[in-house]
Amino acid sequence: MKIINKLFFSSALLAFSLSVCAEVVVVVHPSVRDNSINQDDVAKLFLGKISKLPSGHKVIAIDQEEDSQTRNIFYEEVTGKNQSQLTAYWARLVFSGKGQPPKTVMEDDEVKELVANNPSIIGYMDKSLVDTSVKVVFIIK
Amino acid sequence: MQHKRLAVNLLLAATVAGATTAQAASTAELEERIIKLEQQIKKSDRVTKKRISTLKNAMENAENRLRISGFMTLGATKADDNVTTQDGENSFADEFTYRTDSRAGLQFDYQLKDNWSATLQITGKGRNDWDPTIDWAFLSWQAQDWLTVRGGRLRIPLFNYSETLDVGYTYPWSRPPVGFYITSVSNYEGFDALISFETGPLVHQLQPYIGASEGKLPNGLDAVGSDIYGLSYESSWQNLTLRLSAIQLDLDFTSVTLGLLPTERDHFYSAGLRYDNGSLLVLSEYSRIDGSGYPSRDLESAYLTLAYTVGKWQPYYSYMALNTLHESDINFLLVFSKAAAPIQAKSSTLGVRYEIASNISLKIQGEHFYDFDGTGGVWAASSDTIPRIFPDEADIYSLTVDAVF
């Protein structure tokens with residue numbers, strides 16, 4: 001192959017792989033009635049502003065650890081806030097005694113396990129790891 | 001000829017047999033490897049499952065009922081004159097001091113049972129010799145999804161950041177705008193309620209409160225055991241938040257010359273707007289202190305802050321203005337000159353915030369005060385005789401590092 005072809009091919013491959021980074025979804029237990037929730041509600045749930053799904057079902061949000069790529073993508077896309085802004089947001093609530101940030105679990109697998117076994121939990125995870133044990137209610141594009 | 005054919009056939013058979021054996025050998029190897037890998041996966045699966053069940057237990061365990069968080073600010077501050085704010089809270093020297101803006105706080109949140117929790121927050125401030133003070137100590141009861149009632153020692157939710165005045169990480173500046181933010185009276189003993197509700201895409205929170213407070217008013221007078229009644233309201237829609245708040249304080253003063261004065265009823269009103277889309281931050285608040293005329297003055301103040309985030313940097317600019325609304329009676333002016341004398345001031349603040357980590361930030365800021373018109377503005381007079389000697393329109397420079405955990 002000519003060098004120019006090789007270059008084109010490898011850069012196309014690179015671009016393709018970059019665009020195919022983790023696709024993040026929000027998941028709940030399969031028994032939950034809601035089939036989908038909008039971005040506004042997802043943001044409100046994970047920022048502690050509401051604690052119920054549109055159907056009225058109570059849920060507790062869980063986070064992945066701060067250095068998780070899935071977590072960063074989730075918050076940037078859904079709330080527009082980076083980790084520092086998120087910390088400032090929660091600090092204002094924590095230190096005025098009005099709330100606590102979601103508990104953190106380590107990564108996608110743990111989120112899936114917890115959500116699959118607990119109808120009250122809502123979390124976000126990598127789309128590629130989704131199976132029938134959880135129900136997807138929101139997809140981040 | 002026949003020998004050759006036999007030899008070829010034998011060779012062929014041997015090769016095939018050899019190949020098959022070799023194939024069989026490598027298949028067996030592969031099978032073995034697959035079994036080994038399956039075992040490894042099962043093992044790591046078990047480990048993960050165990051980790052998750054421990055986590056689930058921990059979520060309900062007593063050990064997880066206590067949450068400890070904290071905040072710290074280390075600051076180096078210098079003004080170009082020795083000045084103190086009228087409420088006596090903040091003193092700035094014309095050389096670098098580390099006590100003015102340094103402070104640390106620790107908070108304990110304990111989940112008692114069901115919907116009850118206890119919170120304790122202790123802070124030590126460099127400007128108060130690091131004496132630990134309990135700023136928050138309350139019991140909280142979540143009666144309903146939408147209603148939480150708290151009782152104990154709380155902080156007055158007057159302005160946007162009034163409840164977290166000491167947590168530098170929560171606001172964009174090195175310190176809340178001097179002259180606008182009331183920092184001398186902040187704690188009260190009493191009760192409040194947090195009422196949240198939604199109307200369509202809007203989320204609202206109402207916070208009524210009642211109690212007794214003490215401390216120095218912004219004008220320097222002591223407010224001891226004053227009854228307070230107030231209401232704060234916040235409503236947000238996507239990136240926009242509106243805030244309204246009102247408080248009523250009943251104050252009693254005595255004076256040597258005038259004796260016991262009738263109870264003064266002060267009203268503070270404020271409105272604020274905040275727009276934050278992650279890159280651009282626009283923050284503005286307006287406040288009005290409405291004394292019943294005397295001895296305190298009526299004051300109007302407002303500020304506007306613009307901040308823009310680019311990567312880890314956030315430069316900001318803030319403009320503040322305050323002035324007295326009307327003058328007090330001359331008798332009161334003479335007796336309570338500190339509190340009653342008219343004042344006016346403007347300030348222009350320029351600063352930049354740098355994100356060292358997601359929970360540590362560095363801010364460098366210059367707060368320039370001007371347009372006092374001979375009134376002394378935000379500073380306390382260095383002399384109480386008439387004519388009063390006021391310091392210059394000093395500027396404050398600071399470098400602060402804020403952290404939360």
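Key figures
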| quantity | calculated |
| --- | --- |
| Test: residue in segment A:69-78 that is assigned to a strand (DSSP E or B) and buried (at least 17 other Cβ atoms within 10 Å of the Cβ) | no |
| Among the residues listed as A:Gln64, A:Gln85, the single one being at pLDDT 90 or above, within 9 Å of another protein chain (Cβ to nearest Cβ) and out of contact with any Pro (no Cβ under 8 Å at 6 or more places or on another chain) | A:Gln85 |
| Members of segment A:88-103 found to be closer than 24 Å to B:Gln207 by Cα, of a type outside the set (Gly, Ala, Ser) and facing chain B (nearest Cβ under 7 Å), listed by number | A:Arg92, A:Val94, A:Phe95, A:Lys98, A:Gln100 |
| Positions within segment A:41-59 being at the interface with chain B (Cβ under 9 Å from one of its Cβ atoms), in contact (Cβ under 8 Å) with a residue 24 or more places away in the chain and outside any helix (DSSP H, G or I), in sequence order | A:Lys58 |
| Filter result (in a loop (DSSP other than H, G, I, E, B) and touching a residue at least 40 places away in the same chain (Cβ under 8 Å)) within segment B:101-126 | B:Asp101 |
| Odd one out for B:Gly215, checked against (1) outside any strand (DSSP E or B); (2) within 30 Å of B:Lys78 (Cβ to Cβ) | (1) |
| Yes/no for A:Val115 being of a type outside the set (S, T, N, Q) and out of contact with any helix residue (DSSP H, G or I) (no Cβ under 9 Å at 6 or more places or on another chain) | yes |
| Positions within segment A:89-105 being more than 17 Å from the chain's Cα centre (by Cα) and either in a helix (DSSP H, G or I) or more than 16 Å from B:Leu66 (Cβ to Cβ) (or both), in sequence order | A:Tyr89, A:Trp90, A:Ala91, A:Arg92, A:Leu93, A:Val94, A:Phe95, A:Ser96, A:Lys98, A:Gly99 |
| Whichever residue in segment B:51-68 is modelled with pLDDT of 75 or more and assigned to a helix (DSSP H, G or I) and, among such residues, is nearest to the other protein chains (Cβ to nearest Cβ) | B:Arg51 |
| A:Met125 surrounded by fewer than 19 Cβ atoms within 10 Å (Cβ to Cβ), out of contact with any Leu (no Cβ under 7 Å at 6 or more places or on another chain) and modelled with pLDDT under 95 | no |
| Looking only at segment A:128-137, and only at residues there that are surrounded by 15 or more Cβ atoms within 10 Å (Cβ to Cβ) and touching a Pro at 6+ places or on another chain (Cβ under 9 Å), the one that is farthest from the other protein chains (Cβ to nearest Cβ) | A:Lys135 |
| Filtered residues of segment B:121-157 (kept if crowded, with 18+ Cβ neighbours inside 10 Å, away from chain A (no Cβ under 12 Å) and either touching a helix residue (DSSP H, G or I) at 6+ places or on another chain (Cβ under 8 Å) or not small (Gly, Ala, Ser) (or both)) | B:Lys125 |
| Residue within segment A:5-26 that is touching a Gly at 6+ places or on another chain (Cβ under 9 Å), at pLDDT 90 or above, β-branched (Val, Ile, Thr) and within 25 Å of A:Glu77 (Cβ to Cβ) present | yes |
| Any hit, segment A:40-52, residues being acidic (Asp, Glu) and either under 11 Å from the mean Cα position of the chain (by Cα) or under 27 Å from B:Trp146 (Cα atoms) (or both) | yes |
| Residues (of a type in the set (D, E, K, R) and at pLDDT below 95) located in segment B:85-124 | B:Asp87, B:Glu89, B:Asp94, B:Glu95, B:Arg99, B:Asp101, B:Lys113, B:Asp114 |
| Residue match in segment A:40-47 (condition: buried (at least 18 other Cβ atoms within 10 Å of the Cβ), of a type in the set (Gly, Ala, Ser) and modelled with pLDDT of 95 or more) | no |
| Verdict on A:Asp63 being in contact (Cβ under 8 Å) with a residue 24 or more places away in the chain and not hydroxyl-bearing (Ser, Thr, Tyr) | yes |
| Those residues of segment A:106-141 which are under 16 Å from A:Thr70 (Cβ atoms) and part of a loop (DSSP other than H, G, I, E, B), in sequence order | A:Met106, A:Glu107, A:Val130, A:Val134, A:Ile140, A:Lys141 |
| A:Val130 vs. criteria of a type outside the set (Asp, Glu) and within 14 Å of the chain's Cα centre (by Cα) | yes |
| Options B:Phe253, B:Phe268: the member that is modelled with pLDDT of 80 or more, away from every other protein chain (no Cβ under 14 Å) and buried (at least 19 other Cβ atoms within 10 Å of the Cβ) | B:Phe268 |
| Any hit, segment B:177-188, residues being within 12 Å of chain A (Cβ to nearest Cβ), in contact with a helix residue (DSSP H, G or I) (Cβ under 8 Å, 6 or more places away or on another chain) and not in a helix (DSSP H, G or I) | yes |
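Okay, residues lined up against (1) within 16 Å of A:His29 (Cα to Cα); (2) touching a residue at least 60 places away in the same chain (Cβ under 8 Å):
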site: A:Thr70; (1), (2): no, no
site: A:Phe74; (1), (2): no, yes
site: A:Gln85; (1), (2): no, no
site: A:Gly99; (1), (2): no, no
site: A:Thr104; (1), (2): no, no
site: A:Glu110; (1), (2): yes, no
site: A:Ser128; (1), (2): no, yes
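The values are calculated or read from the model by the stated rules, or taken from the named source; none is laboratory data. Quantities reported herein were computed from a predicted structural model and do not represent experimental measurements. Virtual Cβ from ideal backbone geometry, glycine too; neighbours counted across all protein chains shown.
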